[in-house]
Each structure stands twice: as C-alpha cells, then as structure tokens.
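See below for the structure under consideration.
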Amino acid sequence: MKKKKKSDSQVILISIDGLWPGLYSSSSLGGSLHDQGANQDLARLARAGTQAQAAEAVFPTLTYTNHASIATGAPSDRHGIFANTRFDPSRVEAWRGFESQDWILESKYIRTQTIWDAATEAGIPTAVIRWPSTVGAKARWCLPDIFPILSQESVWSLIKRTSTPDLISKLTRDPDFEPPQDDHRQLDQLTRKAALALLRADEKPQLLMVHFTSLDHEAHEKGRNSPMIPVIAREIYLHVQAILSAVDLSRTSVFVCGDHGFAEFDHRVNINSLLFDRGWLEVEDGKVIDWQAIAHTNCSVAPIYAKDPSRAEEIIADLRSQEGEFYRVLDRAELKSLRAFPDAICAVETTLRASLGQKVSGPLIEKLPEPRGEHGWSALLPEMLTGFFAIGAGIRKAHRIDRIQLIDLAPTIAKIFGFELPQAEGRVLEEIFESANPIAEATF
Ligand SMILES: [Zn+2]
C-alpha cells in the first residue's frame, strides 16, 4: 500500500466574523452597497493574492452554523449546527427572554468530520483559537469561543478552564499579559497573542484556525455604517498582518474569510407574541410554562417547532395571517431545498426591514429608535455575501476569481494537506492555486 508522506505544508485560516466584501474590495459584488468601512490595507493584502468576488455562506447566515460549514464543508442539515443556539424541547422552560441560552459551544454537537479532526488524525499539529463550537475539540491546541451566558464566571476564567493548558501558560508567561475583559476588541487581541505565541514556539501548528469577532459585534450594535467600523477593520488588519509577519509565506498558505455579511434594520418582529396571542404558547411571569408551537429565534430567522406536528397546518396558517411587509414563512419544501432546520415545521424569516424580537406581550411589530445590524437571512441576498481571499504558498498572485462558497474551504485545505473529508459537499478551489496540484510535494 502506498504510504502518504507527511505533509509539511502550513495553512492559516482566519475568519473575520461578519466580513462583507466591500470592506476590502470596492469592485466586488456587495462592495458597492456600503464602502465607508473599506480598509485600504486589507484591500492591498487581498489584491496581492487571490480574491473572490464574494463568498456565499450557508442558510441560515448565522455565525455558528457557518463556522461549522467552513470547518466541515457541509451545509447545516448535515453538520447539525442549525443555528447559534440549540433547540431542546425539554429546556424551553429554561429560556430567558424567550430565547434559548444553549449556545452551541461544544464540538461534540458537530455531526460531520471537521478539518481540525481530520488534520489531527493525520498527525498534523492543529490549533483552533476562538473558533465557534470548539470546547472539547480534539486539536493539539484549543482556546475556544466561550463567554458567560447565565453564569457570573468571567470570560477569562471560562477560557482558561476550557483551553489547552500549555497554550494558556504560553500566554500568561508574558509579564505584560493582561486577562481580557468581556470585550470583543480585547478578545481579538487575545486571539492575536495566542496565534503569535504558537507560531513563535518551537512546536508550531501546521493548521491554525483563528476567529476575530469585534467587527461583527460593532456591526450588530450600530450597523455596518457605524463610524467605528473603519477603526475596527484597521485593528483586525493589524492582527492579520502580525500573524502574516510571524510565518514564512513561501511555505504557508493563508486563507481569510468571513461567515456572513450584514444588513441594517429598524423594526423587530416578536413572532412568539403572535404564537402567544393564538394560544400556542402559555406564559406566566414572563416565562414559558407550556407550549404547543414555539419560535426558536436566532437573529433574523426562527425555525418553528411544534409539540404535535400533526397541527402544523393550523400553526402555519396563523403565522401566514400576518405575513407580508416584515416577515415571510418558509415552508418545509423551502427548508429542505435550503438544507436547513430539518426538524422544524416551518421557519419565519424577516424581510430586510426587520429582525426578530423576543417579546411575547405587546405588539407583533416594533419600530426601533436607531438602526442596528443583523444577519441570518438568505445566503443569496447581496447583503449576506461574505468575503474570501488567500495569500502565500501555492496561491496565485494578483488574481481575481468568481464567487466561492464557504463549504469549499474545508475540501481545499484538506487537499493542501493530502487528507480527505468524505462528508464535505464543497469543491476544491483549484482556481486559487498556482499549479494544478498543490499537494504534488506532499504526497506520492
Ligand atoms: Zn458571525
């Protein structure tokens, strides 16, 4: 049997949460919408390598769903991360504010093989830094995306006890190290420090995956036209640049992607308030005490679950009675073609004017005093397109390609290392490589 030679390639995958193409490319699709935040340094970096016109996320365009798709090459009905939070019918009574608090922090919920699993099995030292759903991930180094939800524990305490101990000691050994507060810009600094600590150590990761979150946080709070967006885009560029400076780009391929775009909205649709009005939800003292149908809200989409699916038609008729200007109902056939929410009777997706709210009393539609930013909508909307560029070893220089899909990234990285991801549905992005066979030297 032919034996694969161990790959000596190095790949760095950087996810900039919420990256829309206009942040680094004025001519790409989506870039013409809002370019106030455009960062010329990021643009220069993207131009130096291969940049895609845009990258298509999977539906729903949510952070956890798409990070699982980037990591597995599969849509959500396959990898099982249907949304940011889990819907567990036995835990509805534990919801706060009519929203599930069960963030999918742990890697055990991902049903298909991830690139960090496959790389680790292939003997490739792998590091995952603040990547969603990586608590308990089997990678050589892990510092997961974790934050206080209902507990009083500090973010740093949570990170410390769920991370690989020798990575935490590498960080805290630095006399200037200060633990981050629950602040996305500080947490992005931590991501940068962790990446640099590993890249400068004797034992280095060959696959390094990092996730920056401050752009997404700002775009949610103040919209994609917030005056802070250019400041944060510049900070993230400096983090990326620091990582690039720590590697030899003649041996390292660097992939930069987002996970969804952003749109601004100024209304909220309290869809559970409609279900409450129609008697599908029973509420006491602001808590759900019983339910027949419930909306599992995640940003601008909510799968609707029914205790008794034989009543689906009645529930859908009630939801459709108010459908129109602010939301629409996606039926089972649509969800099946979108490869999303396999256990829901239907889903509600707001129009771009609105996002979902969590109230059960008061009006179904509320107007907000200021616009905010959101995602979650159809991956094909121009606003939901995200970005991708690559630079470094084996990557074509000053090259532009058409649209890619985020599910293409895992198979492409797998090809560089010479391992397979049989459950991935994306394709290898052959068009980004200088030669037809990027693994020519890695396998025989
Ligand atoms: Zn995100």
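Any read-out appearing in this document is the output of simple, stated calculations on the displayed coordinates, not a laboratory observation. Please read all numbers here as calculations on a predicted model, not as lab measurements. Don't worry about glycine lacking a Cβ; one is built from the backbone with ideal geometry, like all the others, and counts go over all protein chains shown.
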> How would you rank R130, R200, going from fewest to most other Cβ atoms within 10 Å of each one's own Cβ?
Replying inline: R200, R130
> How far, in nm, would the chain grow between I149 and E221 when pulled straight, counting 0.36 nm per residue and subtracting the alpha carbon separation?
Replying inline: 24.1 nm
> What relative contact order, as a whole-number percentage, does the chain give when Cα pairs under 8 Å and 6 or more residues apart are counted?
Replying inline: 29
>> If each DSSP helix of 4+ residues adds -39,500 (n - 2.57) and the sum is divided by the residues in the chain, what number results at 222 nm, nearest 500 deg cm²/dmol?
In response: -7500 deg cm²/dmol
>> Once you place label points 7 Å from the Cα toward the Cβ at L380 and D277, how far apart are they in nm?
In response: 3.1
>> Assuming 0.36 nm per residue, please report the length gained on full extension of the stretch S90 to K336 beyond their Cα-Cα distance.
In response: 86.1 nm
> By the gyration tensor of its Cα atoms, with a ≥ b ≥ c the square roots of the eigenvalues, what is the shape of the stretch 264-374: rounded for a/c under 1.5, prolate for a/b over b/c, or oblate?
Replying inline: oblate
>> Per residue, how big is the convex hull of the chain when only Cα atoms are used? Give it in Å³.
In response: 144
>> Mean-square fluctuation check for the chain, GNM, Cα pairs under 10 Å: which of E235, E334, E99 is largest?
In response: E334
>> Using amide H atoms built in the peptide plane, which far-off residues or other-chain residues are under 5 Å from V348 H to H?
In response: A302, I304, L330
>> For a quick size check, give me the Cα extents of the stretch 127-251 along its three principal axes, largest first, whole Å.
In response: 42, 41, 29
> Tell me, L381, L335 in order of fewest to most beta-carbon neighbours within 10 Å?
Replying inline: L381, L335
> How many Å³ per residue does the convex hull of the Cα positions in the stretch 176-303 occupy?
Replying inline: 189
> For R86, which sequence-distant residues (separation of 5 or more, or a different chain) have an amide H within less than 5 Å of its own amide H, given hydrogens modelled in the peptide plane?
Replying inline: D102, W103, I104
>> Between R311 and D183, what is 0.36 nm times their sequence separation minus the Cα-Cα distance? Round to one decimal in nm.
In response: 41.7 nm
> In nm, to one decimal, how far is the I401 label point from the A242 one, both placed 7 Å along Cα→Cβ?
Replying inline: 2.9
>> If I fit a long axis through the Cα atoms of helix 229-245 and take the longest principal axis of the Cα atoms of the chain, what angle between them do I get, 0 to 90°, rounded to 10?
In response: 30
